[in-house]
Amino acid sequence: MASTPGGNQRTRVHVVSDVHGNAQDLARAGEGADALICLGDLVLFLDYADHSRGIFPDLFGAGNADRIVELRTARRFEEAREFQRRLWADIGTDKAAAIEKAVRKQYAELFAAFPVPTYATYGNVDMPPLWKEYAGPGTTVLDGQRVEIGGRTFGFVGGGLRTPMRTPYEIDDEEYAAKIEAVGEVDVLCTHIPPEVPELVYDTVARRFERGSRALLDAIRRTRPRYSLFGHVHQPLARRMRIGATECVNVGHFASSGRPWRLEW
């Protein structure tokens, strides 16, 4: 913790979300901070801004990535799934094994970039069973759990809710709500997905509403944390807003900006 001229100890925490393969900036994200918080989505399957980046174009090429983005943006999800099925059949590779191999390669680099200490939870495109293999002793993984940092209580809830995209870590609304309930009253509520507020869940580039959580919104109104921090929506209509006593902040811009959001007290 840093000292002020008056001798008081201050705590600074840096927060990132939606890293999506940006290991270079992640290695610097904790500089000057007492702790780093990561709200998930370490993996880069497909970069919607640059279709040549990610596991999908590595396997199938940028042209096919262009097509899958086109179908998903148009919300033609069943056509997108059929298109992917044909691609996997054409290359004759076991899908699960190929994806896990690629994810492991990214995780090895990304977890090695985490500073000490790091507190992290899962995003909807992450693969939680693999995290215990890569998280070192300086990285604490939390999901439906709390931790104290600098005298403040932080609660963590990872993952996303079920969508037609069928990303790896989507769970039922009831399971998600139970994790929110387990966290209880905290000073800072850290989640991957936002509360279900239109301005916070609409992505202006993808041109669609992402899934937000009604249980999270209810908890914010009921327990009144100082902050609600989240990512998931990369280009929201609103990056921050107040809900009652709570400052809600979208920190899900790390992949493109390389800059953490800073919280100091």
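The values are calculated or read from the model by the stated rules, or taken from the named source; none is laboratory data. This is a predicted model, so every value here is computed, not measured. Please note: Cβ atoms are built from the backbone with ideal geometry, for glycine as well, and neighbour counts cover all protein chains shown. To get the accessible areas, we keep the full protein, side chains included, count just its heavy atoms, and leave off ligands, DNA and RNA. Shrake-Rupley method; radii C 1.70, N 1.55, O 1.52, S 1.80 Å.
Screening GLN106 with (1) touching a Leu at 6+ places or on another chain (Cβ under 9 Å); (2) among the polar types (S, T, N, Q); (3) more than 20 Å from PHE254 (Cβ to Cβ) gives one miss only, at (3).
Filtering segment 178-196 to residues that are touching a strand residue (DSSP E or B) at 6+ places or on another chain (Cβ under 8 Å), surrounded by fewer than 19 Cβ atoms within 10 Å (Cβ to Cβ) and either of a type in the set (A, V, I, L, M) or farther than 21 Å from GLU247 by Cα (or both) leaves only ALA182.
Of the residues making up segment 38-51, none is modelled with pLDDT of 95 or more, over 20 Å from the mean Cα position of the chain (by Cα) and not basic (Lys, Arg). Among the residues making up segment 215-259, a single one is in contact (Cβ under 8 Å) with a residue 40 or more places away in the chain, of a type outside the set (Gly, Ala, Ser), out of contact with any Asp or Glu (no Cβ under 8 Å at 6 or more places or on another chain) and open to solvent by 10 Å² or more (accessible area, probe 1.4 Å): ILE243. Applying the selection to segment 113-128, what residues are within 25 Å of ARG162 (Cα to Cα), in contact with a Leu (Cβ under 9 Å, 6 or more places away or on another chain), among the hydrophobic types (A, V, I, L, M, F, W, C) and part of a loop (DSSP other than H, G, I, E, B)? Listed by number, the list holds a single entry, VAL125. Would segment 120-137 turn up any residue that is more than 23 Å from GLU31 (Cα to Cα), open to solvent by 20 Å² or more (accessible area, probe 1.4 Å), of a type in the set (Asp, Glu) and under 20 Å from the mean Cα position of the chain (by Cα)? Yes, segment 120-137 contains a residue that is more than 23 Å from GLU31 (Cα to Cα), open to solvent by 20 Å² or more (accessible area, probe 1.4 Å), of a type in the set (Asp, Glu) and under 20 Å from the mean Cα position of the chain (by Cα).
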